[in-house]
Amino acid sequence: MWLGALLLVVAVLVVVIAGSRHSDEVAFGVGSPAPDGYKALSILLRERGAQVRSSSPASLLDPGSSPGDVVVVADPDLLTAPEHRALLDRAQAGALVVLGAPRRSDKIDEPDDPSAGGFGFVPARVLADTPARPAAQGSCDIDRLDGLRSIDTAFAEPVEPAAMGSEARRCYGDIQGAFVVEARHGAGSVITLGSPYLWANARLQPSKEDGGEPLDNAAMALRLLGPTAAGAAPGVRIAFVDAVPTAGVAPNGSRSPLDLMPTGVKLALAQLIAAFVLYAWWRARRLGPVVTEKMPVEIAGSELIVAVGDLLRRKGTPQRAADVLRADARRDLSRRLGVPIDATPSALVAVVSARSGLEADHVLAVLADGPIDSPEALVRLANALSDIRQEVLDHHVSR
């Protein structure tokens, strides 16, 4: 049974690992052949001699990594605030930064805002089957795009040039909004597109299966992805930042304490948790039927009486013992003779005297409370009470 369970677990792990290898492709990845991938663009760039690589958003914070001549961020909303500042610092230092869409900077610094980060997802089939929506250059201020034909803008929204600065240049649009906007930023520049899908595999030749003709989206990319007017020339280094958020990092750049712990501490905590779970399971499990516990041994009534009498004897209080004996006798006689418990002693004495034939004064002296100042007097009282009980209860009542 254990061997079968082990083989089942191994089989599940193999299936999960094999399936995960096919799901590693992310949107806008340079190695992704999916409709929303950038593999076709990366092939064109490498044919021109450009050096294309992918990098993680966290690499923007690494001062030792090479910034490259061009940095492409398909979805800038997925960057944390520190990563976005580091990206702009690279543009300030002379790099060309290309953003797939405008960054919503008014929301991205709010770590609890659920709408911060993430460009609208378009299903693969819709991305591949949607007809082209051509847009002409219009009034184009970007010189290196001169002479290009229309591009497909099916999944793009115009960018407001005024939001990028008063000196921003635009193309494929008008003064109110364009699909390509370029603004100087220090020694470099920042290009903002209307959508990262402008360069996706499926949109370089829209409706390819139906014989659709390619527009100039790819030509536009080749001319823009370079720090000079030559565009993607040989030797140009182009870094595509993966469109995935940095794991364990909030949009404001803060990291969780678990991510900051050393690996040894994490392993120690995992061992402690595993040990606690094992201990709790072991203590909570019952093997076999529930064991019934034996009740404490009950003391016989005679032994209890002897014990109480011994305590009273050692305490040296015959009066207390006499009161207990008289009260018990009155209670027993009242119950057996039908006299109310709260009746006066004289009423009980009258009934006892009538049933037993004993003198009323003698019965009153025995049953009524009176002083007992010695053990001998206590013994005499006990004998008298026993005689009354025997005479009244055992003799007359039984008859």
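Quick note: the coordinates plus some simple rules give every number you see, no bench work behind them. Not measured: the values here are computed from a predicted model. Reconstructed Cβ throughout: ideal geometry from the backbone, glycine too, with neighbour counts over all protein chains shown.
Tally Lys/Arg at +1 and Asp/Glu at -1 over every other residue whose Cβ is under 11 Å from the Cβ of Arg169; what's the total?
Spelling it out: positives minus negatives among the neighbours equals -1.
How do Met220, Met164 rank when sorted from fewest to most other Cβ atoms within 10 Å of their own Cβ?
So the ranking, lowest neighbour count to highest, is Met164, Met220.
Excluding Gly226 itself, what net charge comes from residues whose Cβ is under 12 Å from its Cβ, given Lys and Arg +1 and Asp and Glu -1?
Within the 12 Å Cβ shell, the charges total +3.
Among Val324, Val290, Val122, Val70, what is the fewest-to-most ranking by other Cβ atoms within 10 Å?
Taking fewest neighbouring Cβ atoms as first place, the list is Val290, Val324, Val122, Val70.
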